[in-house]
Amino acid sequence: MKKILITGGAGFIGSHLVRLFVHKYPDYFITNLDALTYAGNLENLTDIENSPNYTFVKGDITDESFVEALFEEKKFDAVIHLAAESHVDRSILDPMSFVKTNVLGTGVLLNAAKKNWTDLTNKLFYHVSTDEVYGSLGEVGFFTETTPYDPRSPYSASKAASDHLVRAYHHTYNLPVVVSNCSNNYGSHQFPEKLLPLMINNIVHSKPLPVYGKGENVRDWLWVEDHARAIDVIFHKGITGETYNIGGFNEWKNIDIVHLLCRIMDKKLNRAEGESEKLITYVKDRAGHDKRYAIDATKLENELGWSPSLQFEEGLDKTIDWYLANETWISRITSGSYKQYYDQQYTKR
Ligand code: NAD
Ligand code: DAU
């Protein structure tokens, strides 16, 4: 039996990954380590919480003695590390919590793995990272695995630092590592501070749809379950020490996505055509807003045989339906501490 530590498994991507591994690999034992910050939610995993090959541990990856004791107790064979502060706007408000969790937390996990893995055979430390480490693109071109790092927000700088630490542990101590850098994910269970669930929820409640700047920034969207499938493929077939870019070959200007959402949701909510579009409100731009991200995922496709499984329109449709069917999930989240963040972020914008 392989013993795998997944960090951040109560979050958006982590919960999809935990579910995939628990179902697909009954002979693996999955430990989900998560601090349950505002973004972590065990409701995301109620369907698998009693599975015999799964356990949840509440804890903070920056707590060195706790993490080391956990490694000693559980004797993990592999780590898939997702726990992080993940929202760019919050990193602008509070950069140090990103430095703490994303940089220090990754260092603590790497150190615990290095100390415990005296025999490195069949061990793997997998770091789940972002395309934002590469900076911002102009009108043309793609990020490849050899694009130089040029992070420009406190979030992306903290993720770049953690990527560098992971590679440094490989080069210096031979720790078997792999890194993947993925584009924007969308799908069920995403915290409503992010663009798509925020817009979906605001459309439902006829609240203003806050588009930053002119809405011309471009993001490359990937269905979250396709990201989880990519992590599965890289975990099992990726080459130690390598980096793999993951993306949807699916670029959209923010404003075009918001228009599309409005059109689909007018139909689903039986509203007059054009009603939701009236909610679109252009607000002050994000500080240092990266213009365009676009991933070239050819290496992952050619070398490991992965490709996205869902067309964007289909994925978006499923995503909207999930939020519409899970009003209690979203209303519980939006009525907690998120309310304060939302007001601070948007009322004076
Ligand atoms: P998320 O914010 O939804 O979830 C993060 C999880 O980490 C939460 O469950 C939270 O409780 C946990 N966590 C935070 N600090 C912790 C700590 N100190 N100790 C233990 N657990 C802690 O994030 P997400 O969108 O699911 O992203 C997961 C990972 O994937 C992150 O590393 C992020 O950088 C990366 N990523 C995200 C995207 C995206 O589009 N969302 C794209 C590429 C890469
Ligand atoms: O590219 C991968 C990254 O994608 C991940 O590493 C991050 O964890 C994830 O949060 C995401 O970062 P973005 O900043 O691209 O995602 P966000 O949903 O915050 O914003 C998407 C775009 O929409 C961005 O150009 C900013 C814009 N936006 C966002 C919000 C929240 C708006 O116009 N209005 C909004 O209210």
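Structure summary
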read-out: Among the candidates 151, 192, 208, residue that is out of contact with any strand residue (DSSP E or B) (no Cβ under 8 Å at 6 or more places or on another chain) and within 30 Å of residue 266 (Cβ to Cβ); value: 192
read-out: Residues of segment 124-158 satisfying the condition of being of a type in the set (D, E, K, R) and open to solvent by 40 Å² or more (accessible area, probe 1.4 Å); value: 139, 145, 150, 152
read-out: Residue check for residue 220: more than 9 Å from ligand 2 (Cβ to nearest atom), under 15 Å from the mean Cα position of the chain (by Cα) and among the acidic types (Asp, Glu); value: no
read-out: Given (1) under 19 Å from residue 82 (Cα atoms); (2) in a strand (DSSP E or B); (3) charged (D, E, K, R), index of the condition residue 193 fails; value: (2)
read-out: Test: residue in segment 19-35 that is hydroxyl-bearing (Ser, Thr, Tyr), closer than 24 Å to residue 187 by Cβ and either touching a residue at least 40 places away in the same chain (Cβ under 8 Å) or assigned to a helix (DSSP H, G or I) (or both); value: yes
read-out: Where residue 296 falls short, out of the listed (1) open to solvent by 20 Å² or more (accessible area, probe 1.4 Å); (2) under 28 Å from residue 144 (Cβ atoms); (3) more than 16 Å from ligand 1 (Cβ to nearest atom); value: (3)
read-out: Some residue of segment 159-170 being in contact with an Asp or Glu (Cβ under 9 Å, 6 or more places away or on another chain) and either open to solvent by 10 Å² or more (accessible area, probe 1.4 Å) or closer than 25 Å to residue 98 by Cα (or both); value: yes
read-out: Answer residue from segment 260-291, given it is assigned to a loop (DSSP other than H, G, I, E, B), open to solvent by less than 60 Å² (accessible area, probe 1.4 Å) and out of contact with any Phe, Trp or Tyr (no Cβ under 7 Å at 6 or more places or on another chain) and is farthest from residue 314 (Cα to Cα) among those; value: 288
read-out: Residue list for segment 56-105, restricted to those being assigned to a loop (DSSP other than H, G, I, E, B) and of a type in the set (A, V, I, L, M); value: 61, 82, 83, 84
read-out: Tally, over segment 10-40, of residues that are in contact with a strand residue (DSSP E or B) (Cβ under 8 Å, 6 or more places away or on another chain) and near ligand 1 (Cβ under 7 Å from one of its atoms); value: 10
read-out: In segment 154-181, the residues that are among the charged types (D, E, K, R) and within 13 Å of ligand 1 (Cβ to nearest atom); value: 159, 163
read-out: Every residue from segment 299-349 that is outside any helix (DSSP H, G or I), open to solvent by less than 60 Å² (accessible area, probe 1.4 Å) and not hydroxyl-bearing (Ser, Thr, Tyr); value: 306, 308, 310, 326, 336
read-out: Residue in segment 124-158 that is nearest to ligand 2 (Cβ to nearest atom), counting only those that are farther than 16 Å from residue 95 by Cα and touching an Asp or Glu at 6+ places or on another chain (Cβ under 6 Å); value: 129
read-out: For residue 43: the one exception among (1) charged (D, E, K, R); (2) open to solvent by less than 40 Å² (accessible area, probe 1.4 Å); (3) in a helix (DSSP H, G or I); value: (2)
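The values are calculated or read from the model by the stated rules, or taken from the named source; none is laboratory data. Every value quoted in this text rests on a predicted model; they were computed, and no experiment measured them. Neighbour counts are summed over all protein chains in view; Cβ atoms, including those assigned to glycine, are modelled from backbone coordinates with ideal geometry. Just so you know, the surface numbers come from the protein's heavy atoms only, side chains and all, with ligands and any DNA or RNA stripped out. Shrake-Rupley method; radii C 1.70, N 1.55, O 1.52, S 1.80 Å.
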